[in-house]
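**Student:** Sharing a structure here in C-alpha cells format.
The values are calculated or read from the model by the stated rules, or taken from the named source; none is laboratory data. Predicted model, so just to flag it, every value in this text is computed and none were measured. Heads up, the Cβs are rebuilt from the backbone with ideal geometry, glycines too, and the neighbour counts pull from every protein chain shown. Quick note on the areas: whole protein, heavy atoms, side chains included, nothing else; ligands and nucleic acids left out. Shrake-Rupley method; radii C 1.70, N 1.55, O 1.52, S 1.80 Å.
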Amino acid sequence: MTQHQNDPAPTTGAADSYLAGLRERLAADGSVVTGTTWHDRPVTIGSRSDRKARWFGTKAELFVLAATVPEVDQALLTEFTGWALDYAKNLRGGLAGARNAALILPALVTTNAQPAARTWAAKDARVLGTSLIGRPVTVETTGSGVTRVTMYQGRSMYGGMFTEHVLEKAALYFP
C-alpha cells in the first residue's frame, strides 16, 4: 500500500473542476448521480441502464465511480478499481449474468498520473465474474485546461458486444 492512499489532503482546483464537470455530463446524459466515500475522499457515482435490440435483450448497467487524488500510481489505481467493482456489484439491479451485465468505469482524477498507472489502465478490461467488466480510467488535468485520459479501448472477452456503447459513453463523460 502506498503512503498517499490514505492521505485526505485536498487536490488541485483543476482536478476538482474536472470532477464537477463530470457530474454535470453524467446528469445531462440521464445518469443518476450520487456519491459515497473511499479513503475519506468523496466519490462521484453515475449510474444508468440501457437495453438495445442488438444486445438480444440484455440490460447493460453502466457505473462511473470517480474521485480526485493528488497522484495516481498503479497500486492506487488497482486498489480503487477493485473497490469500484465490488461497490458496483452491490449497487446493480437484477440477477447477475441473467441477461444483465455491469460495465464499470472507475476513474481517478489527478494532476499527476504515473506512467505505470496509465499503462495498466490502457492494458485491458478487468473482469469480476463473467458479468462485471471494469475499464479503469486515469484523468490527468492541468491548470491550463489540458486533460489526458487513459483507458482500455479494445474489446473484452466477456461483454464484447457492449464495447461500442461503453467507449461512446466514456468519450462523452471523459473528454
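**Student:** Order 18, 87, 173 by their accessible area, 1.4 angstrom probe, all chains in place, largest first.
**Tutor:** Output order, biggest surface exposure first: 87, 18, 173.
**Student:** With a sphere of radius 12 Å drawn around the Cβ of residue 66, what net charge do the other residues whose Cβ falls strictly inside it have (Lys, Arg +1; Asp, Glu -1)?
**Tutor:** Residues close to residue 66 contribute a combined charge of +2.
**Student:** Something else now. At 7 Å along the Cα-to-beta-carbon direction for both residue 155 and residue 122, put a label point, then send me their distance in nm to one decimal.
**Tutor:** The answer from the label model is 2.2 nm.
**Student:** Would you please give the FRET efficiency between residue 171 and residue 112, computed as 1/(1 + (r/R0)^6) with r the Cβ-Cβ distance and R0 = 22 Å, to the nearest 0.05?
**Tutor:** Efficiency for this residue pair is about 0.40.
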